[in-house]
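The values are calculated or read from the model by the stated rules, or taken from the named source; none is laboratory data. As the structure is a computational prediction, the values presented were derived from the model and not from experiment. Note that each Cβ is placed from the backbone with ideal geometry, even for glycine, and that neighbours are counted across all protein chains shown.
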Amino acid sequence: MADSPLLQVEHLYHSFSVGNGFLKKQNTLQAVSDVSFSLAQGETLGIVGESGCGKSTLGRALLRLYQPTSGTIRFLGEDITHLTKKQMKRVRRKIQMVFQDPMESLNSRHTVYDILSEPFAIHKLGTTAERIKWVDELLTRVGLPTSSAALYPHEFSGGQRQRIGIARAIALQPDLLVCDEAVSALDVSVQAQVINLLLDLQEQMKLTIIFISHDLSVVKHISDRIAVMYLGRFVELAPAEELYHSPQHPYTKALISAIPVADPKRKMKRIVLQGDVPSPMHPPSGCPFHPRCPYAAESCKVTAQHLAALDSDAIRFAACDRIKLINN
């Protein structure tokens, strides 16, 4: 991995205006709140959290599919936060996304050849003969026969369609791949095949991956580091093995305790959180997790929590100033 990060995100915010009807007051939904992290070349960062925590919004903001409300995104050292659409066209050759539902993200009226050759057409790359060759190579790389080029998305299974989505994402040989719930709609056996495909492609193409999912077991298998997200914020960031074997933040502890264990003799103490996730339109004061936290103190209702290093090497981070009390 290179010394300088491929991607560096600093204090990123993204909010949506939610209306209550014509001429009525607009409410603000804070989907992403003060997210900062860096990503080294060749690394895989997993992002996990409950539905509605803002992880998909974060992924789309990183690609500038959503314009961040504030903060900075640097890719290969360049600040891309406020680039124009024309300028972003150049950057998007190097940053691509794999979406959750390939049936929705693939144009049902286009053949696989049309879908996979479109990136080359948009960026004016290659002749017709070269594009035919490149499409065949992409299909072979993702484990599909070259004859698939003449077919339409509805003629494939879910796993095959996702392979086509991955082939489209890697067509321009990107440096960064953002996978937004890329396997959540697939059967478990197919999930494993697609994850192994991503790992193979990462090794072959030196890809850097952001893998967004609500499934902690899947994220553990593919990630080098994992960020746990709650109500738009990172509450813990750590190497995958360390996070699973020794979670520090109370929310992470609860998530890890909910993972099913294959060994019936091994007993896991389940931590059941009380209440529901608060509305991002009306987040709690202080630490956003305090209404559900079994370790919350009065100070947690007042003092905002930010990611802070838990060790001198700055490898593990958590957003809780009571970590030492909780884990001693």
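Here's the yes/no breakdown for (1) charged (D, E, K, R); (2) at pLDDT below 85:
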site: Lys269; (1), (2): yes, yes
site: Leu273; (1), (2): no, yes
site: Val277; (1), (2): no, yes
site: Gly286; (1), (2): no, no
site: Pro291; (1), (2): no, no
site: Ala296; (1), (2): no, no
site: Val302; (1), (2): no, no
site: Gln305; (1), (2): no, no
site: Arg322; (1), (2): yes, no
ask   = Among the listed residues Leu201, Leu231, Leu197, which satisfies the condition of being farther than 15 Å from Ile315 by Cα, in contact (Cβ under 8 Å) with a residue 40 or more places away in the chain and touching a Leu at 6+ places or on another chain (Cβ under 8 Å)?
value = Leu201
Test set (1) surrounded by fewer than 23 Cβ atoms within 10 Å (Cβ to Cβ); (2) closer than 20 Å to Ser38 by Cα; (3) charged (D, E, K, R) - Asp321 fails condition number = (2)
request  = Considering each of Leu76, Leu58 in turn, give the residue that is closer than 17 Å to Glu10 by Cβ, touching a residue at least 24 places away in the same chain (Cβ under 8 Å) and crowded, with 22+ Cβ neighbours inside 10 Å.
outcome  = Leu58
message = Consider the range 216-227. How many of its residues are within 13 Å of the chain's Cα centre (by Cα) and free of Cβ contacts under 8 Å to residues at least 60 places away in the same chain?
response = 1
query = Is at least one residue of the range 146-153 within 19 Å of Phe211 (Cα to Cα), buried (at least 16 other Cβ atoms within 10 Å of the Cβ) and hydroxyl-bearing (Ser, Thr, Tyr)?
reply = no
task = Would you check which residues across the range 297-328 are without any contact (Cβ under 8 Å) to a residue 12 or more places away in the chain and assigned to a loop (DSSP other than H, G, I, E, B) and list them?
result = Asp311, Ser312, Asp313, Ala314, Asn328
Cβ-Cβ under 7 Å pairs, at least 6 apart or on other chains, the range 254-272 side closer than 19 Å to Tyr295 by Cβ and among the polar types (S, T, N, Q), far side at pLDDT below 65 and surrounded by 10 or more Cβ atoms within 10 Å (Cβ to Cβ) = none
All positions within the range 293-303 that are surrounded by 13 or more Cβ atoms within 10 Å (Cβ to Cβ) and under 28 Å from Gln26 (Cβ atoms) = Lys301
query = In the range 233-244, is there at least one residue being farther than 30 Å from Gln305 by Cβ and surrounded by 18 or more Cβ atoms within 10 Å (Cβ to Cβ)?
reply = no
ask   = Any chance the range 157-175 includes a residue that's surrounded by fewer than 17 Cβ atoms within 10 Å (Cβ to Cβ) and more than 26 Å from Arg60 (Cβ to Cβ)?
value = yes
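Could you tell me whether Ser279 is outside any strand (DSSP E or B), surrounded by fewer than 16 Cβ atoms within 10 Å (Cβ to Cβ), among the polar types (S, T, N, Q) and under 17 Å from the mean Cα position of the chain (by Cα)?
In short, no.
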inquiry  = Condition check: modelled with pLDDT under 90, under 22 Å from Arg225 (Cβ atoms) and either within 16 Å of the chain's Cα centre (by Cα) or among the hydrophobic types (A, V, I, L, M, F, W, C) (or both). Does Glu50 satisfy that?
reply    = yes
key: Matching residues, the range 132-145, being within 30 Å of the chain's Cα centre (by Cα) and in a helix (DSSP H, G or I)   = Trp134, Val135, Asp136, Glu137, Leu138, Leu139, Thr140, Arg141
